[in-house]
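Written out below as structure tokens is the structure these notes cover.
The values are calculated or read from the model by the stated rules, or taken from the named source; none is laboratory data. As the structure is a prediction and not an experimental result, all values here were calculated from the model. Virtual Cβ from ideal backbone geometry, glycine too; neighbours counted across all protein chains shown.
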Amino acid sequence: MELAAKNWYAIYTRTRWEKKVARQLSQKGIEHYCPLVKVQRQWSDRKKIIFEPLFNSYVFVKIDEREHTQITNVEGYINLVYWLKKPAVIRSEEIDAIKKFLDDHDQVHLEKVNVNLEDQVRIIGGPFMELEGKVVEIKSRTVKVLLPSLGFALVAELDKVNIQLIPQYRSGKYVS
């Protein structure tokens, strides 16, 4: 019997239910990823470091078509994220990039961006060495790394010297 191919999908959860949904997915034996970031919270009497989901109301699952029905039974699950009337498949490389990014950087936050891509670049140094992508914005040393199918940019401090422009071929010639 042939095994169905598993893909990564984003599931939309109730607000502040990401960790609970991830726990239930673990109990069901479903491969998932709920990226967490360390944040400091201030209460009237103390400060505390806690882990919060990087993506509010989203958890990633790696499932095949048969497992779609299993996740609908998870309390806090609202829906799969759709793109063009189909469940949006998240590339494994994007999940791996998020994991690597969180491993390499302490102060991480998200910025919602419109996916208007500009320069194609290759990273030539640092933790993302040899990866290619599109630059949304560069200010001083801040580089936005775009994950297009998610519509978010992870922001980290990277040296400009670690980025190389990939010339684009337009109208019969290369342009920078």
Query raised in the report: Before we move on, is GLU52 surrounded by 12 or more Cβ atoms within 10 Å (Cβ to Cβ), charged (D, E, K, R) and closer than 18 Å to LEU36 by Cα?
Result: yes
Report summary line: Residue pairs within 9 Å by beta carbon, gap of at least six or interchain, first lying in segment 44-55 and outside the structural domain of HIS109 (by TED's automatic domain parsing) and under 17 Å from THR15 (Cα atoms), second part of a loop (DSSP other than H, G, I, E, B) and among the charged types (D, E, K, R), listed first then second, are PRO53/ARG16
Requested in this report: Evaluate segment 3-22: report whether one residue or more is free of Cβ contacts under 8 Å to residues at least 12 places away in the same chain and more than 19 Å from the chain's Cα centre (by Cα).
Outcome: no
Report task. Find all pairs meeting these conditions: Cβ atoms under 7 angstrom apart; at least six residues apart or on different chains; first residue within segment 66-90 and without any contact (Cβ under 8 Å) to a residue 60 or more places away in the chain; second residue small (Gly, Ala, Ser) and not in a strand (DSSP E or B). Result -> TYR82/ALA88
Query raised in the report: Is it the case that some residue within segment 44-52 is under 20 Å from LEU110 (Cα atoms), of a type outside the set (Ser, Thr, Tyr) and more than 18 Å from the chain's Cα centre (by Cα)?
Result: yes
Query raised in the report: Among VAL37, VAL61, VAL89, VAL74, which is within 30 Å of GLN107 (Cα to Cα) and buried (at least 18 other Cβ atoms within 10 Å of the Cβ)?
Result: VAL61
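Please go through segment 25-43 and give me each residue that is modelled with pLDDT of 90 or more and within 21 Å of the chain's Cα centre (by Cα), ordered by number.
At the first step, the residues of segment 25-43 found to be modelled with pLDDT of 90 or more are 25-36.
Of everything in segment 25-43, those that are modelled with pLDDT of 90 or more and within 21 Å of the chain's Cα centre (by Cα) turn out to be LEU25, SER26, ILE30, GLU31, HIS32, TYR33, CYS34, PRO35, LEU36.
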